[in-house]
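Derivation of every value follows stated rules applied to the coordinates shown; laboratory data play no part. Computed from a prediction, not measured in an experiment: that's the story for all the values here. Here Cβ is always computed from backbone atoms with ideal geometry, including for glycine, and neighbour counts include all displayed protein chains.
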Amino acid sequence: MLAQRLNATLQSLENVAKGDDRPTPRLLAVSKTQTATAVAALAAAGQRCFGENYVQEAQTKIAALAELELEWHLIGHLQSNKAEPAADLFDWVQTVDRVKLVAALARFRPPRRPPLNVLVQVNIDDEASKHGCAPEQVAELAAAIDREPRLTLRGLMAIPTPHPDLELRRPAYRSMAVLFRTLAARHGSMDTLSMGMSDDYALAIAEGATMVRIGTALFGPRSRE
Ligand SMILES: *Cc1c(COP(=O)(O)O)cnc(C)c1O
C-alpha cells in the first residue's frame, strides 16, 4: 500500500514536471506522527529522505531506524534551546529563520558529522504567524550561513498561507522563485527550493520547486498534528 502510494506520487511528480518543462523535484516524505514501522516500509520501497517537525519525536524514530542510513530533514519550527540535539540528529534543517539559530547550529554541529545542510525559511506572505524570516532579511541570513564552515547553505523553504483557492497561493510561490534565483546567483551552494505539499505540489513545481514535502498523499491522513 505504501509502496503503491510512493510509486504513484513519484510518477505524478515526474508527469507534472515534464508537463511544465521543469526538472523533477526531490520528494521529501513527511513522516511526522507516523510510526517508525511506517517509515521503514516506505524506506524498503526506496524512499530515502524524510521530514520531521518535532525534535523529540524525530529523536526516537531516527534512533530506531539508524541502520537504514536515511536522510532526515527538520521541517518544523526550531526553538533555540533545541538547537544542540537538532544539529546532531538531522542532515538538513529547513527552518532556519534567525541569526541566533545560525550561530547555535554551527556551534553544535558535531565535528564527526559533515556540515549541516540548511535552508532559510521565508515568511513569504508576511503572515502574522511568527515563523520564517521576512523576505527583506533573507540576504543577510544567507550570508551569515555562508560564513559558517559547519553549515552549508542549500536554499530556501516556504509554507505559504493555505488559501483554499489554490490560485491564490501562486503569487507566493512565484515570489519565492524570484528570491531563490536572485540569491543563488550570489551563493553557488544554493540548489534547493523547498515548497509544495500534498494538495498543491503541482502548483509549486510549476513555479520552480526543486523539493516537495509530502505527507498525506504518501501515508494517508494524520490522526493528530
Ligand atoms: C506536515 C507538513 C507537510 C506535509 O503536509 P501534507 O499536507 O501532509 O503533505 C509539509 N511541510 C511542512 C512544513 C509540514 O509541517
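To the nearest 0.05, how large is the calculated FRET efficiency for Arg181 and Val99 if R₀ is 25 Å and r is the Cβ-Cβ distance?
The formula returns an efficiency of 0.60 here.
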Lys and Arg at +1, Asp and Glu at -1: neighbours of Pro164 with Cβ under 13 Å from its Cβ sum to -3
With x for Gly and Pro, the residue-by-residue ³J(HN,Hα) of the range 117-122, computed from phi through the Karplus equation 6.51 cos²θ - 1.76 cosθ + 1.60 at θ = phi - 60° and given in whole Hz, is 7, 10, 10, 8, 7, 10
Footprinting proxy, Asp200, Asp91, Asp21: sorted fewest to most Cβ within 10 Å, the residues are Asp21, Asp91, Asp200
What helix-only [θ] at 222 nm does the chain give? Using -39500 (n - 2.57) per DSSP H run of at least 4, over all residues, to the nearest 500, the answer is -11500 deg cm²/dmol
From the Cα centre of the range 188-225 to that of the range 69-88, the distance in Å is 19
